[in-house]
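The values are calculated or read from the model by the stated rules, or taken from the named source; none is laboratory data. These numbers were taken from a predicted model, which means no experiment stands behind them. Ideal geometry is used to build each Cβ from the backbone, glycine not excepted, and the neighbour counts take in all protein chains shown. These accessible areas exclude ligands, DNA and RNA; they are computed on the full protein's heavy atoms, side chains included. Shrake-Rupley method; radii C 1.70, N 1.55, O 1.52, S 1.80 Å.
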Amino acid sequence: MALRRGAFAVPLLVVVSAALFALASRSPFDPLAGYLGDRYTTTSDADRARLADELGLHDPWWATYGHWVRGLLSGDLGVSRSFGQPVATVIGERLPWTLLLTCLGLGLAIAAAFALGVWSGARPGGPVDRLVAPLASVVQATPPFVLSLGAVAVFALSLGWLPVAGLTDAGSDPTFGQVAEHLVLPVTVLAVSQAPWLAMSVRQSVRDTIGSDAVRGARARGIPERTILLRHVVPVALGPFVTVIGLRLPEIIVGAAIVEEVFSWPGIAGAVVTSARELDFPLLAALTVGTTLIVLVGSLLADVALTLLDPRVSADG
């Protein structure tokens with residue numbers, strides 16, 4: 001299964017990257033405007049044309065794409081015009097902060113969703129179940145940027161409990177305490193935005209398992225309810241739970257990017273927006289292909305985990 005998925009990923013990544021260059025070439029944005037900044041309006045047309053030729057902005061998209069592919073095959077991701085640095089440096093400086101935010105947010109979402117899903121699914125109609133279902137429906141219908149702005153308005157501006165945005169306070173060094181304090185709001189918002197789908201999946205899986213013949217047989221043999229829940233129901237519920245995480249990985253990445261932008265977190269999201277606005281092809285291509293690869297690998301790992309957790313599932317040949 002892994003080899004077949006890997007073989008499929010190669011042509012998919014080629015199509016995605018080529019389509020990116022083709023579509024970006026039709027963008028109404030002028031990459032020179034972003035490159036020159038305030039100097040754009042004072043630069044003459046002749047100088048703009050000369051600079052565009054030097055940067056290769058007049059080249060057809062397939063020529064630009066071919067140049068990028070040749071560099072990629074040689075291990076060179078190119079240089080970002082937007083940041084004036086090699087693409088590898090831009091990604092290397094920002095990726096750790098994105099991973100920190102995403103891993104903490106997703107980890108918190110998984111823990112909370114699994115606990116709430118198992119509790120409400122095992123006690124249908126109980127107080128927790130009556131609270132989880134409608135609350136999950138409301139939260140999952142609310143865009144992450146709305147949750148982010150609401151959290152800022154309540155906990156940062158009104159109550160003043162937490163900082164509004166950024167990695168640290170203005171002029172402060174990125175110490176552990178500073179980073180941890182600034183992480184609280186974005187991590188919590190990201191976890192809350194992703195938890196409803198996961199919780200409802202676990203809830204439904206637990207309900208289906210509790211009503212199965214195997215569980216009824218265990219009860220008939222006098223096995224305690226706690227043992228049935230922990231040793232029979234929860235392991236079965238893990239399979240669909242892992243699958244949902246893999247399927248929703250693209251939404252998790254998008255949600256993390258939105259949260260990063262709202263909270264001015266120095267991660268990959270800002271680089272994506274800047275590279276798209278300024279048509280910074282080397283950086284935009286690297287980020288797009290990298291994100292696609294992460295989604296493919298995450299989906300594969302979810303399927304592998306499901307195959308290992310549930311012996312009834314085969315590795316599709």
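Observations
- Residue in the stretch 198-206 that is modelled with pLDDT under 80 and under 24 Å from Val304 (Cα atoms) present: no
- Selection count where residues are of a type outside the set (Gly, Ala, Ser), more than 19 Å from Gly211 (Cβ to Cβ) and not in a helix (DSSP H, G or I), scope the stretch 112-147: 2
- The one condition in (1) acidic (Asp, Glu); (2) surrounded by 19 or more Cβ atoms within 10 Å (Cβ to Cβ); (3) under 26 Å from Ala170 (Cα atoms) that Glu261 fails to fulfil: (2)
Matching residues to (1) among the hydrophobic types (A, V, I, L, M, F, W, C); (2) touching a strand residue (DSSP E or B) at 6+ places or on another chain (Cβ under 8 Å); (3) at pLDDT 85 or above; (4) farther than 20 Å from Leu296 by Cα:
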position: Arg5; (1), (2), (3), (4): no, no, no, no
position: Val15; (1), (2), (3), (4): yes, no, yes, no
position: Ala18; (1), (2), (3), (4): yes, no, yes, no
position: Gly34; (1), (2), (3), (4): no, no, no, yes
position: Asp53; (1), (2), (3), (4): no, no, no, yes
position: Gly66; (1), (2), (3), (4): no, no, yes, yes
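- Here Leu57 fits the description: of a type outside the set (Val, Ile, Thr), part of a loop (DSSP other than H, G, I, E, B), modelled with pLDDT under 70 and over 22 Å from Thr291 (Cα atoms).
- Here Leu293 passes the criteria (1) open to solvent by 30 Å² or more (accessible area, probe 1.4 Å); (2) modelled with pLDDT of 80 or more; (3) within 30 Å of Val164 (Cα to Cα) except the one numbered (3).
- Boolean, Leu300 is of a type outside the set (Val, Ile, Thr), part of a helix (DSSP H, G or I), at pLDDT 80 or above and surrounded by fewer than 22 Cβ atoms within 10 Å (Cβ to Cβ): yes
- Scanning the stretch 197-222 for residues that are open to solvent by 50 Å² or more (accessible area, probe 1.4 Å) and part of a loop (DSSP other than H, G, I, E, B) gives Arg221, Gly222.
- Cβ pairs under 9 Å, 6+ apart, first in the stretch 258-273 and at positive phi, second outside any helix (DSSP H, G or I): Ser264/Val164; Ser264/Ala165; Ser264/Gly166; Ser264/Leu167
- Residue list for the stretch 161-185, restricted to those being in a helix (DSSP H, G or I) and either open to solvent by 30 Å² or more (accessible area, probe 1.4 Å) or touching an Asp or Glu at 6+ places or on another chain (Cβ under 7 Å) (or both): Phe176, Gly177, Gln178, Ala180, Glu181, Val184
- Scanning the stretch 246-256 for residues that are open to solvent by less than 40 Å² (accessible area, probe 1.4 Å) and either out of contact with any Pro (no Cβ under 8 Å at 6 or more places or on another chain) or charged (D, E, K, R) (or both) gives Gly246, Leu249, Ile252, Ala256.
- Scan of the stretch 186-196 for residues that are open to solvent by 20 Å² or more (accessible area, probe 1.4 Å) and of a type in the set (S, T, N, Q), ordered by number: Thr188
- A Cβ distance below 9 Å, combined with a sequence gap of six or more or placement on separate chains, defines the contacts here; from the stretch 106-123, residues that are on the phi < 0 side of the Ramachandran plot and without any contact (Cβ under 8 Å) to a residue 24 or more places away in the chain reach residues that are surrounded by 23 or more Cβ atoms within 10 Å (Cβ to Cβ) and charged (D, E, K, R) in the pairs Trp119/Arg203.
- In the stretch 273-290, the qualifying residues are those that are hydrophobic (A, V, I, L, M, F, W, C), modelled with pLDDT under 85 and in a helix (DSSP H, G or I), and the one that is surrounded by the fewest Cβ atoms within 10 Å (Cβ to Cβ) is Val273.
- Scanning the stretch 164-204 for residues that are under 20 Å from Val146 (Cβ atoms) and not aliphatic (A, V, I, L, M) gives Pro186, Thr188, Ser193, Gln194, Pro196, Trp197.
- Qualifying position, being open to solvent by 50 Å² or more (accessible area, probe 1.4 Å) and under 30 Å from Leu229 (Cβ atoms), among Pro127, Pro86: Pro127
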